[in-house]
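Below you'll find the structure, written out as structure tokens, and then a few comments.
The values are calculated or read from the model by the stated rules, or taken from the named source; none is laboratory data. Being a predicted model, the structure only gives us computed values, none of them experimental. Quick reminder, even Gly has a Cβ in these numbers, built from the backbone with ideal geometry, and neighbours come from all protein chains shown.
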Amino acid sequence: MQLYVDSANLADIRAAAALGCISGVTTNPSLLAKEDPSLDVKALLLDIHRTVGGHTSVEVVSTDSDGMLREADEILQWFPEATIKIPFIPAGLTAVRKLADQGIPTNVTLLFTANQALIAANAGATYVSVFLGRLDDISTDGVQAVRDTAEIWDTHGMESLIIAASIRNPLHLLECARAGAHIATVPYKVLLQSMKHPLTDAGLEAFLNDYKAMVAKKGS
Ligand code: E4P
């Protein structure tokens, strides 16, 4: 399972990219809105794409298919490797089909059920983003939606890649990997939390102390 960073914060994306374990980045309008309003969105997205060098999902904000397709054209002029992120609404599916027919990758977002993912995949989505954290927020098992999707994908050999999105904690990451998501898009904070283990820290401290003690002994 690949890891993407779910962020529009360049500092966090740079730090995540420096870890060498990130294959892409997903943004959305709310993540962009958290950043400095003086930043030019196009310049920021180009910086993000250059930093990660892999998958970069950029979301459209139109709600009609023609508007979505116009936005997709504009984004692809910024950088042709962009993946166009499109909300799961009827107009979105129309746009996904048109983009798929032109070989342009799409990431269908705001999916909360395996049925929605199945429909998006049949419209030609390259990626289907299942939002588990927002399901947990309303007392519904979010990981189960990822499990259901992965099971259907296995049964039917579906080609779209499943992105586990709206990940809020390290357990979400673990459960999505176990469920069979192809990709998890993770906030930088959750990536750091998932790296942390007290035995790693204690073990390193002991190694370094033992080494220092050995060097001191040899020098005495
Ligand atoms: C990624 O594609 C989604 O936009 C993102 O994971 C949503 O996360 P949230 O539910 O924490 O806003």
Conditions (1) assigned to a loop (DSSP other than H, G, I, E, B); (2) modelled with pLDDT of 95 or more; number of the one not met by SER30: (1)
Of residues in the stretch 3-44 being of a type in the set (S, T, N, Q) and within 11 Å of the ligand (Cβ to nearest atom), the one surrounded by the fewest Cβ atoms within 10 Å (Cβ to Cβ): SER30
Of the criteria (1) assigned to a helix (DSSP H, G or I); (2) closer than 17 Å to ALA164 by Cα, which one ARG14 fails: (2)
Residue that is farthest from ALA150 (Cα to Cα), among those in the stretch 85-130 that are surrounded by fewer than 24 Cβ atoms within 10 Å (Cβ to Cβ) and among the hydroxyl-bearing types (Ser, Thr, Tyr): THR94
Residues of the stretch 33-53 that turn out to be within 9 Å of ALA8 (Cα to Cα) and not in a helix (DSSP H, G or I), as a count: 2
Qualifying residues in the stretch 126-163 (those that are in contact (Cβ under 8 Å) with a residue 40 or more places away in the chain and small (Gly, Ala, Ser)) - the one farthest from THR27 (Cα to Cα): SER160
Residue identified as of a type in the set (D, E, K, R) and within 15 Å of the chain's Cα centre (by Cα) among ARG168, ARG97, ARG147, ARG178: ARG168
The stretch 155-185, subset within 16 Å of the ligand (Cβ to nearest atom) and of a type in the set (D, E, K, R), residue nearest to ALA121 (Cα to Cα): GLU175
Inter-residue pairs, beta-carbon under 9 Å, first touching a residue at least 24 places away in the same chain (Cβ under 8 Å) and surrounded by 19 or more Cβ atoms within 10 Å (Cβ to Cβ) and in the stretch 46-72, second among the basic types (Lys, Arg) and in a strand (DSSP E or B), 6+ apart: SER57/LYS85; VAL58/LYS85; GLU59/LYS85; VAL60/LYS85
Residue count, the stretch 108-135 (criterion: under 12 Å from the mean Cα position of the chain (by Cα), among the β-branched types (Val, Ile, Thr) and closer than 15 Å to GLY157 by Cα): 1
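Regarding THR149, is this residue of a type in the set (Ser, Thr, Tyr), touching a helix residue (DSSP H, G or I) at 6+ places or on another chain (Cβ under 6 Å) and away from the ligand (no atom under 13 Å from the Cβ)? Reasoning before the result, please.
Values: of a type in the set (Ser, Thr, Tyr): yes; touching a helix residue (DSSP H, G or I) at 6+ places or on another chain (Cβ under 6 Å): yes; away from the ligand (no atom under 13 Å from the Cβ): yes.
So THR149 passes the test.
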Residue, farthest from the ligand (Cβ to nearest atom), within the stretch 118-144, restricted to residues that are under 21 Å from VAL5 (Cα atoms) and small (Gly, Ala, Ser): ALA125
